[in-house]
Amino acid sequence: MATDAGNANELDWRGEFRDSAKEALFRRTMQAHDACQLRHALVVATVLFLAFSLTDFSLLGSSTTFLVLLAMRATVAASFLLLALAVWRRPSLAQTPMPINLVCLLAVSGVLLTIPLKPDDLVTSLASIVTASMALYLFIPNRLPWMLASNAYLLGGFLILVVVWSPLPGGVLANSLLLLGFVNLLCWLTVSRIHRLQRAQFASLLEERAINRRLKEEIEERNQLEQRLRHMARTDELTGITNRRRFFELAEQERRRAHRDGTPLSLCMVDIDYFKAINDIHGHAIGDLALTVVAARCQSVLRESDIIGRYGGEEFVIALPLANLLTAREIAERLRQAVCRQPLEVKGVVLDLTVTVGISRVDDGEMTLDPGLLRADRALYAGKESGRNCVVMTPQGPELTLLESVPTAVTPGAVRATASVAAPAAIPAGGRLPGRS
Ligand SMILES: Nc1nc2c(ncn2[C@@H]2O[C@H](COP(=O)(O)OP(=O)(O)OP(=O)(O)O)[C@@H](O)[C@H]2O)c(=O)[nH]1
């Protein structure tokens, strides 16, 4: 993969990014580093500049020339310290050309001043020029054009001052210029290489960050997708309640808990009455809506711990943990009433929705839900047979006696026990079909 870092065309002759926004970002990132480097360079330069006063004194004694040199060194050292202090307080100054280059100009002028003041000590002056040149390239964090400009001033100044104040034999002058030229070339190449390496590293860092960001987004997307898929795998798309598979997972857990703790678990099968007629007369869209409304109304009467699922078609199944048949009957009756209490009005159609509910209790010895579901289904069937819109249960176990005392009139809306249900009642001829326009 071709990386930005490996793209040499990204950098200009100064070793800076062609893209100004990227270069600005790089410089901002480097600001603290540059400020620290500049402060250290200025403190070291101050010490060096002042230290040379000792050699000046040993050469010149307390002469006027020494005092002039001392004043120059003190001024330059003071400007160094002032800039170091300013950069310490405002690190952004380390990347502001004006103060840095003014101080460089002053320092270079000071170094050049040593030539006319100590014309006999040309070796030291030459060494100072070389050191100053290297410092301008390597110690002061500056941009390449400014480095070249201050070095041009240093070289040009040296040449003029040597010619005027301390004429040298042609060969010595040529050697000195060659040495200075070589130092300049070497430092220029070194600085260019450092600039390029720093930016290549920065480009890699940016690229790595972008990859990490993309990776994070991808992980986030995958997590969301996984959550959506998990939700879809557990939920009935139309009604939003638990689907059949998930219902059985949860209800089976409850069955095991009930078995372990010896607590009751009841099951309800809920079936919408005359649902085929709703579909046939008003269309599937309204049928779907009726399904959704019935599911929501059923859910509204249940507790958090109850589990409702879509069993298939227009049939729902409910598991009621900790509910014996008596409690289940109360809940189912509440549910039946919640469904039929209010007609469903949609697009000018008024639908009377009713459900028939079959109830059973899971027996202690039953190791699956199937027998209980079968009994609830049978109870439901009996309810349908006996006129619909009712709650029917299969009495069993200790509740049998209690249930037998429940009134068993075969009228829609009543609660019945299958034990007492008469022969299946036929749907009244021209019977009450849901829906009136
Ligand atoms: N709109 C819609 N209809 C469905 C869906 N699933 C099943 N059905 C329909 O539900 C109807 C069930 O009809 P039946 O089983 O005959 O029962 P019914 O008309 O409700 O009669 P009873 O249950 O005896 O009162 C069928 O017409 C199915 O096509 C569904 O997701 N959406």
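The values are calculated or read from the model by the stated rules, or taken from the named source; none is laboratory data. Computed from a prediction, not measured in an experiment: that's the story for all the values here. Please note: Cβ atoms are built from the backbone with ideal geometry, for glycine as well, and neighbour counts cover all protein chains shown.
Observations, loosely collected:
- Taking (1) closer than 30 Å to M367 by Cβ; (2) in contact with a helix residue (DSSP H, G or I) (Cβ under 9 Å, 6 or more places away or on another chain) in turn, L206 satisfies each apart from (1).
- Taken together, R378, R388 contain a single residue that is within 16 Å of the ligand (Cβ to nearest atom) and either in a loop (DSSP other than H, G, I, E, B) or more than 23 Å from V294 (Cα to Cα) (or both), which is R388.
- Complete set of residues in the range 30-56 that are in contact with a helix residue (DSSP H, G or I) (Cβ under 6 Å, 6 or more places away or on another chain) and under 15 Å from T124 (Cβ atoms): F49, S53, D56
This table checks each residue for (1) assigned by TED's automatic domain parsing to the domain that holds S133; (2) surrounded by fewer than 19 Cβ atoms within 10 Å (Cβ to Cβ); (3) under 52 Å from the mean Cα position of the chain (by Cα); (4) of a type in the set (S, T, N, Q).
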| position | (1), (2), (3), (4) |
| --- | --- |
| A35 | yes, no, yes, no |
| L42 | yes, no, yes, no |
| S58 | yes, yes, no, yes |
| F66 | yes, yes, no, no |
| A74 | yes, yes, no, no |
| A78 | yes, yes, yes, no |
| V87 | yes, no, yes, no |
| P116 | yes, yes, no, no |
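- I359, sole failed condition from (1) modelled with pLDDT of 95 or more; (2) within 22 Å of E249 (Cα to Cα); (3) under 44 Å from the mean Cα position of the chain (by Cα): (3)
- Yes/no for R246 being under 18 Å from V391 (Cβ atoms), charged (D, E, K, R) and touching a helix residue (DSSP H, G or I) at 6+ places or on another chain (Cβ under 6 Å): no
- Sole residue being among the aliphatic types (A, V, I, L, M) and either touching a Pro at 6+ places or on another chain (Cβ under 6 Å) or under 21 Å from I160 (Cα atoms) (or both), chosen from L93, L81: L93
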